[in-house]
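Structure first, commentary second.
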Amino acid sequence: MKLGILTSGGDCPGLNAVIRAFCKYAFNNIDGVEIYGIEEGYLGLINRQYRRLYPADVENILDLGGTILGSTRTPYKLMTVSDNGEATRLQTMVENYKKLKLDGLIALGGAGTHKTASLLSVEGCNVIGLPKTIDNDIYGTDVTFGFNTAVQTAADCIKRIRTTADSHSRVFFVEVMGNKVGWLTLYSGLASGADGIFIPEISYDENSLAQYLKKRKADGYRSTIIAVAEGAISTREAAMGKKERKDYLAAAGNASAAQRCAAVAELNTGISCRATVLGHIQRGGDPCAYDKVLCTRIGAYGGMLAKQGKFGVTVAVHGSKLSYNSLTEIAGRTKYVPADSQIVTLAKDMGVYFGE
Ligand code: F6P
């Protein structure tokens, strides 16, 4: 059996742990298996850039952050577009899959990776998706690998902001990754005891924010920490049309979500406000113990599915068990934070401010 494995899209801690577990399972359980590491994500399949992986290649990478195979974002929307009548990227990948005589392709990635995996699967390639992303937004799985490590990293950073905020009686808006969904902000905000949590799924009101901050000051709190998702927007911004919002953001110097919060809050309250953007620090470093176990399970389970010839699926976590969903069923869908979910409601009930 010849299997290809690639990592695609934004990286996260735990990719190498999954590669290791998948390879170890395959080497130990599939007679005569050959594994090919496709380099730089789908780009490697397009350009036929790959190398054979041997057992020694995946030793001692359980803890290693990043990906030994490299990764690129190969925009999904460009996959089926051809210039000048040339083959599309999708067609090229299908041809190369056949030229390499692969029996299966294992794609570690997030939402975009899964959309492409689904296209390849529909074109007749045997694909298994493995759910990676710090955003935790893949539809149909309770959790993705990399998420819990990023929660830990972001929460540690937010906690560090608290002491300096207290020293100076300041308000801090700490920006956490997550352009469309707020899972990472919600979890890291709760894990760090943030006073407020702003996520894309719940728009914050600028007047309410000013009143909230003034009241906290009047009540004697020295500092206020608000965890703000990269994609959080105010009700005023949400009401704008696409073009109006683009112009508004350009006029604001394309300030990030947390920077916009800090600017408007300071203007409306006169309280000293600061913004800290955590950025890619959330994607770097070693996976936490939880993720190392999850990655090991997911990688081995992916190997088991390949052995069984179960393709066209992506691995999913349901409660304490692993199972799988069909790629075509989950592709193009997003797992948002339900605004009325129990976790949000309980947080609100204990006083966490969501900007409403
Ligand atoms: O999807 C993971 C993610 O880290 C998002 O949270 C973030 O919006 C995006 O990737 C950043 O992408 P890039 O690394 O391409 O700047």
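The values are calculated or read from the model by the stated rules, or taken from the named source; none is laboratory data. Bear in mind the structure is a predicted one, so any value in this text is a computation, not a measurement. All Cβ positions, glycine included, derive from the backbone under ideal geometry; neighbour counts span all protein chains shown.
The table below lists the values:
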| item | result |
| --- | --- |
| One residue from Leu69, Leu62 being touching a strand residue (DSSP E or B) at 6+ places or on another chain (Cβ under 8 Å), modelled with pLDDT of 95 or more and outside any helix (DSSP H, G or I) | Leu69 |
| Subset of the stretch 28-76 that is of a type in the set (Phe, Trp, Tyr) and more than 16 Å from the ligand (Cβ to nearest atom) - its residue that is farthest from Gln91 (Cα to Cα) | Tyr54 |
| Pick from the stretch 72-93, criterion among the hydrophobic types (A, V, I, L, M, F, W, C) and in a loop (DSSP other than H, G, I, E, B), ranking: surrounded by the most Cβ atoms within 10 Å (Cβ to Cβ) | Met79 |
| The stretch 1-10, residues that are surrounded by fewer than 24 Cβ atoms within 10 Å (Cβ to Cβ) and in a loop (DSSP other than H, G, I, E, B) | Met1, Gly9, Gly10 |
| Enumeration of residues in the stretch 20-47 that are not in a helix (DSSP H, G or I) and not charged (D, E, K, R) | Ile30, Gly32, Val33, Ile35, Tyr36, Gly37, Ile38, Gly41, Asn47 |
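For (1) away from the ligand (no atom under 16 Å from the Cβ); (2) free of Cβ contacts under 8 Å to residues at least 12 places away in the same chain; (3) on the phi > 0 side of the Ramachandran plot; (4) hydrophobic (A, V, I, L, M, F, W, C), each residue gets a yes or a no:
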| position | (1), (2), (3), (4) |
| --- | --- |
| Ala154 | no, no, no, yes |
| Ile161 | yes, no, no, yes |
| Arg170 | yes, no, no, no |
| Asn179 | no, no, no, no |
| Leu190 | yes, no, no, yes |
| Ile199 | no, no, no, yes |
| Ile202 | yes, no, no, yes |
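Residues checked against (1) closer than 23 Å to Gly284 by Cα; (2) touching a helix residue (DSSP H, G or I) at 6+ places or on another chain (Cβ under 8 Å); (3) surrounded by 24 or more Cβ atoms within 10 Å (Cβ to Cβ):
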{"residue": "Thr153", "(1), (2), (3)": "yes, yes, no"}
{"residue": "Trp183", "(1), (2), (3)": "yes, yes, yes"}
{"residue": "Leu186", "(1), (2), (3)": "yes, yes, yes"}
{"residue": "Ile202", "(1), (2), (3)": "no, yes, no"}
{"residue": "Leu209", "(1), (2), (3)": "no, yes, yes"}
{"residue": "Leu213", "(1), (2), (3)": "no, yes, yes"}
{"residue": "Ala232", "(1), (2), (3)": "yes, yes, yes"}
{"residue": "Ala238", "(1), (2), (3)": "no, no, no"}
{"residue": "Glu244", "(1), (2), (3)": "no, no, no"}
